[in-house]
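Down below is the structure, laid out as structure tokens.
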Amino acid sequence: MSKKPFYITTPIYYPSGNPHIGHCYTTVACDSIARYRRMQGYDVMFLTGTDEHGLKIEQKAAEAGITPKEYVDGIVAQFQKLWKYMNISYDRYIRTTDDYHVESVQKIFKALYDKGYIYKGEYSGKYCTPCESFWTDSQLDENGCCPECHRPVTFAKEEAYFMKMAPFADRIEKLLTETDYLQPKTRATELVNNFIKPGLEDLCVSRTTFKWGIPVTFDEGHVVYVWIDALSNYITALGYLNSAYNDFDKFWPADVHMVAKDIMRFHAIIWPAMLMALDIPLPKHLAIHGWITMNGEKMSKSLGNVVDPFVLGERYGCDAIRYHILREMALGADSSFSNEIMINRINSDLANGFGNLVSRTVAMADKYFGGTLPEDRLEADIDKDFISVVTALRDSVDKSIDETKIKSALEDIFKVVDRANKYIDETEPWKLGKNEADSPRLASVLYNLLEAIRIVSTLLSPFMPSTMPQVWEQIGASAEDTTYENADKFGVLPMNVTVHKGAILFPRIDVDKEIEELNAIIKKNMDAAQAKLSAEEKGESAPAEPITLAPEITIDDFAKVEIRVAKVTACEKVKKSDKLLCLQLDDGMGGRQVVSGIAQYYAPEDLIGKKIQLIANLKPVKLRGVDSNGMICAADTPDGVKVIFVDDSIPVGSKIR
Ligand code: ME8
């Protein structure tokens, strides 16, 4: 039977500055839902991308002395690097500068014109010359000046195309008030009262004052308004009016568009109007979330209050960051970001809650049974309630995901984590461990805990995809044990399951020390942002971005790392992985195998015969089931990952210090 399709989208981000935690929220939220749906067996299309046209980009590129395309290429690389780092499993990445998108948007614009929904007119209003922008009276600042640069505006006229909105007003009002398109629904009243009741104004859909946009094919000098261009991405990426893809019939209408409240109006009014005009079915759901704020304001690059996700990920791991932002944000409401809340959340839920549950359970199975549970069991009444709470979890997470309520999904999962920790207190396995006669009861308790961990970790894996495979390794669960189908069943792990003690999943963080260090980093970044701004105001070239170092270590710490020269003798791609290469190395110690995530940057033959730097005393791990004994050194560069090759004159096995 063919799988049911599921289509989810993030907004396409504006590459006018590097991405920040605010962008991460929508992307991580959509990623988690996409992963959950894949786990449930859906055929998922998860789309993200970048919205690359418009006056601002043109201006920024001019300031930097490069072309707009060169400018966006640099920032798009940062977005893609971040998504890789945050483990974002998008299926397609659209750039509005992609040829197929440009072609489709031109056809969409022409179709709207041919159907009589677009007409030529004159745009008049308050115009800010430095910003090259028209503003309505209500958009001007309190002094009647430009809301962006706060300089005086003048009255101006410009020839432009307009889209008729009135024909769609009734249908849009019904869509917002009578269907469950908009989530949360409370937002609908606000939109209807502010925009629809006063009468929907026609929308200006072309510009002539700048060039960096998609040209209108039938009227030279006009470029398509950036929102018509941007919103179309949700269908052009599926192949609507282009031949790059052929997925429109399969995936449209979209199941979920997720966006923040600042762009709700475009998605709740303009996008449905465009689709109605084109006779295309409407998307099923529009999920609106609030902003991540810092000190009461929207986190945004231009305010200089952004939190660098790379810095946080480096310190706590990407799953801890994913968990924190998902757990804090309720659909529809803002969520204030603070380092202190984040660290306390990581400590309480991940280190003390889930991490501790896993490490205690595995340690007890190891201590009392040498890692393998015996088959003799003794059930007790107290188990029944615990098992019923654990097996009911999947249904409640399903319901939250259906409603795009990720925070409540995580709350429910962590209630079960707390319940499992309470079960340990109730059953006191350490007491049972003292008496040989209690062994069957102890085996039951530990088995029930391992089963609870199996179910919790399966349901957590879409939200924290990097850590859960480590949990499965520790509790001795196979891929088969951790499927969605098995996530509401108890008794799936073998009776004589064997656990493997492993690394601490989420180390406890020293709150005071950490906050001090993070504050120092933020101050440094803010100072650099300020210096950049002052330099730009004086017309000087901006200073280079600061490099942020990891916390200081001593020479003794460094001495623990053994770096040796090794030569690549053979290399091949790891099966079923786009990222991994498996290298055979002559390390001067009899040879070894290392798996490295560089397949996107090197072909095996690029490496064979080359000498590299090997971290030789790293604990062995299995990557995609392949043994890896050590790591090869490579640099992250704006052009991707580059292996550090060593001069051929240096003998294999030489120690690097
Ligand atoms: O609006 N908190 O792009 P954009 C939460 N190109 N979410 C945030 C956020 C914050 N502080 N800052 C950004 C655009 N976001 C258009 C979209 S779609 C057809 C075109 C997220 O780069 C949030 O999802 O300004 C918001 O909707 C999106 O980034 C806007 O990103």
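The values are calculated or read from the model by the stated rules, or taken from the named source; none is laboratory data. Given the structure is predicted, the values throughout are model-derived calculations rather than measurements. Counting neighbours? That spans all protein chains shown, and the Cβs are built from the backbone with ideal geometry, glycine included. Calculation scope for accessible area: heavy atoms of the full protein, side chains included, ligands and nucleic acids excluded. Shrake-Rupley method; radii C 1.70, N 1.55, O 1.52, S 1.80 Å.
Some notes on this structure:
- Counting only strands (runs of 3 or more DSSP E) wholly contained in the stretch 46-138, the ones carrying 2 or more residues that are over 23 Å from HIS257 (Cβ atoms) and of a type in the set (Lys, Arg) occupy 118-128.
- The set of residues from the stretch 9-32 being outside any helix (DSSP H, G or I) and within 6 Å of the ligand (Cβ to nearest atom) comprises PRO11, ILE12, TYR13, TYR14.
- Members of the stretch 219-239 found to be within 14 Å of the ligand (Cβ to nearest atom) and surrounded by fewer than 21 Cβ atoms within 10 Å (Cβ to Cβ), listed by number: TRP227
- Taking the stretch 271-282 as the range and being open to solvent by less than 10 Å² (accessible area, probe 1.4 Å) and either within 10 Å of the ligand (Cβ to nearest atom) or outside any helix (DSSP H, G or I) (or both) as the test, only TRP271 passes.
- Search result, residues across the stretch 409-446 that are small (Gly, Ala, Ser) and touching a residue at least 40 places away in the same chain (Cβ under 8 Å): ALA409, ALA420, GLY433, SER439, ALA443, SER444
- Taken as a whole, the stretch 176-194 holds no residue that is closer than 18 Å to HIS267 by Cα, polar (S, T, N, Q), within 16 Å of the ligand (Cβ to nearest atom) and modelled with pLDDT of 95 or more.
- Test: residue in the stretch 378-396 that is crowded, with 20+ Cβ neighbours inside 10 Å, in the same structural domain as LYS431 (by TED's automatic domain parsing) and within 30 Å of GLU436 (Cα to Cα): yes
- A search for C-beta distances below 7 Å between a residue of the stretch 157-169 that is farther than 16 Å from ASP114 by Cα and any residue that is in a helix (DSSP H, G or I) and of a type in the set (Val, Ile, Thr), counting only pairs 6+ apart in sequence or on different chains, returns ALA169/ILE196.
- Filtering the stretch 434-466 to residues that are open to solvent by 10 Å² or more (accessible area, probe 1.4 Å) and either assigned to a loop (DSSP other than H, G, I, E, B) or closer than 16 Å to ILE401 by Cβ (or both) leaves LYS434, ASN435, SER461, PRO465, SER466.
- Exclusive hit being in contact with a helix residue (DSSP H, G or I) (Cβ under 9 Å, 6 or more places away or on another chain), outside any loop (DSSP other than H, G, I, E, B) and among the hydroxyl-bearing types (Ser, Thr, Tyr), set TYR240, TYR245, TYR234: TYR234
- Note on the stretch 163-194: residues that are among the hydroxyl-bearing types (Ser, Thr, Tyr) and assigned to a helix (DSSP H, G or I) total 3.
- Selection count, the stretch 467-493, where residues are free of Cβ contacts under 8 Å to residues at least 24 places away in the same chain, open to solvent by 20 Å² or more (accessible area, probe 1.4 Å) and part of a helix (DSSP H, G or I): 4
- Unmet criterion (only one of (1) more than 20 Å from MET274 (Cα to Cα); (2) buried (at least 21 other Cβ atoms within 10 Å of the Cβ); (3) not hydrophobic (A, V, I, L, M, F, W, C); (4) not assigned by TED's automatic domain parsing to the domain that holds ALA34) for THR129: (2)
- Among residues of the stretch 283-317 being in a strand (DSSP E or B), modelled with pLDDT of 85 or more and not hydroxyl-bearing (Ser, Thr, Tyr), the one that is farthest from LYS110 (Cα to Cα) is ILE292.
- Verdict on THR50 being in contact with a His (Cβ under 8 Å, 6 or more places away or on another chain), within 30 Å of LEU312 (Cα to Cα) and among the hydroxyl-bearing types (Ser, Thr, Tyr): no
- The residues on offer are HIS257, HIS267, and the sole one that is open to solvent by less than 20 Å² (accessible area, probe 1.4 Å), assigned to a helix (DSSP H, G or I), in contact with a strand residue (DSSP E or B) (Cβ under 8 Å, 6 or more places away or on another chain) and within 13 Å of the ligand (Cβ to nearest atom) is HIS267.
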